[in-house]
Amino acid sequence: MKIEKVCVYCASSSQSDISYQNAARRLGEVLAENSVTLVYGAGGAGSMGHLADGVLSKKGNVIGIIPKFMVDLEWAHKGLTEIQIVKSMHERKQLMITGVDAAIALPGGSGTLEELMEAITWKRLGIFLKPIILVNTNGFFNPLVDLLNNCIRENFMDKRHKDMWTLVDSAEDVLPAIKSAPIWTSDSQNFATI
């Protein structure tokens, strides 16, 4: 499987521990070193800015997608390869995940988690069929994975739904995880409801 373009969800907070921002920058470097185009939310601060800077430092391509109100607030990164300004958050999320080879989540707040959960939901419904990778810096995603596993234990989700995401420890693990992720097809619609 050739990986050409990925969507990354991550945080704009500049108050988070520097380890999260360093991990984001490293992911950007890894993507660029492997000629993988980054699609992300176009932010210039926090992990978002570090992620884009990592790609750009290695002469990689970054496509940022951002609603106009965020541009007006001057939240957009100034040096991206391409920036697409959209009307709404809904349009932004749709465009970010369209045509990518995987969705990757770095640690973040409510916006990051909302984007990640939407991708998982779309995968469950057979709308999005690509790998979803969670970069588990500092064990950040452990509580979320525990909650998802509890959804399975309590029969709100099927055991097969565990194959919808892959947890990795570092940026270097992301591309191998995408390549080895379980195949997911629209047949998943047959067990979307249990």
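Looking at (1) out of contact with any Phe, Trp or Tyr (no Cβ under 7 Å at 6 or more places or on another chain); (2) in contact (Cβ under 8 Å) with a residue 40 or more places away in the chain, can you tell me which one residue 68 breaks?
(2)
In the list 134, 116, which residue meets the criterion of being in contact with a Leu (Cβ under 6 Å, 6 or more places away or on another chain), outside any loop (DSSP other than H, G, I, E, B) and surrounded by 21 or more Cβ atoms within 10 Å (Cβ to Cβ)?
134
Please tell me if residue 121 is β-branched (Val, Ile, Thr) and surrounded by fewer than 15 Cβ atoms within 10 Å (Cβ to Cβ). Walk me through it before giving the result.
Numbers: β-branched (Val, Ile, Thr): yes; surrounded by fewer than 15 Cβ atoms within 10 Å (Cβ to Cβ): yes.
So residue 121 fits the description; yes.
If only one of 82, 4 is over 20 Å from residue 114 (Cβ atoms) and in contact (Cβ under 8 Å) with a residue 40 or more places away in the chain, which one is it?
Numbers: 82 fails: in contact (Cβ under 8 Å) with a residue 40 or more places away in the chain.
Exactly one residue qualifies, and that residue is 4.
Anything in region 89-146 that is over 20 Å from residue 27 (Cβ atoms) and small (Gly, Ala, Ser)? List them, or say none.
110, 126
Quickly run through region 32-66 and pick out the residues that are farther than 23 Å from residue 13 by Cβ and of a type in the set (Val, Ile, Thr).
36, 37
When region 31-57 is examined, which residues are found to be under 17 Å from residue 170 (Cβ atoms) and either of a type in the set (S, T, N, Q) or surrounded by fewer than 20 Cβ atoms within 10 Å (Cβ to Cβ) (or both)?
33, 34, 47
Here, each number is a calculation from the coordinates, and none is a lab measurement. Just so we're clear, the structure is a prediction, and the values are computed from it rather than from any experiment. Heads up, the Cβs are rebuilt from the backbone with ideal geometry, glycines too, and the neighbour counts pull from every protein chain shown.
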